[in-house]
1. Mind checking the full-extension length gain between residue 18 and residue 45? Use 0.36 nm per residue of separation minus the Cα-Cα distance, one decimal, nm.
2. Would you list 51, 5 from fewest to most Cβ contacts within 10 Å?
3. Please express the Cα-Cα pair-distance distribution P(r) of the chain as a list of whole percents, one per 10 Å bin, running from 0 to the bin with the greatest distance.
């Protein structure tokens, strides 16, 4: 059985503080898509707001990427 993954392309400080996993696997594409959308909404609504995120489907997997951002690596510097 082929697994479908939700991949957080780059873990920002907020994601690291929450202990968010970089890759989570699911048995169905629908489960992966739903989980990716839920994770995206969580990141957009609960993180510090310094970055924006989006989901892109790549070969039946879902990649959550960071749009723009400061790339400082630590929000304590702001």
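1. 8.3 nm
2. Details: 51 21, 5 18.
Arranged by neighbour count, lowest to highest, 51, 5 become 5, 51.
3. Spelled out bin by bin, the chain gives 19, 52, 23, 5, 0 percent.
Any read-out appearing in this document is the output of simple, stated calculations on the displayed coordinates, not a laboratory observation. Everything quoted here is computed from the prediction, not taken from an experiment. Here the Cβ is made from the backbone with ideal geometry for all residues, glycine too, and neighbour counts use every protein chain on show.
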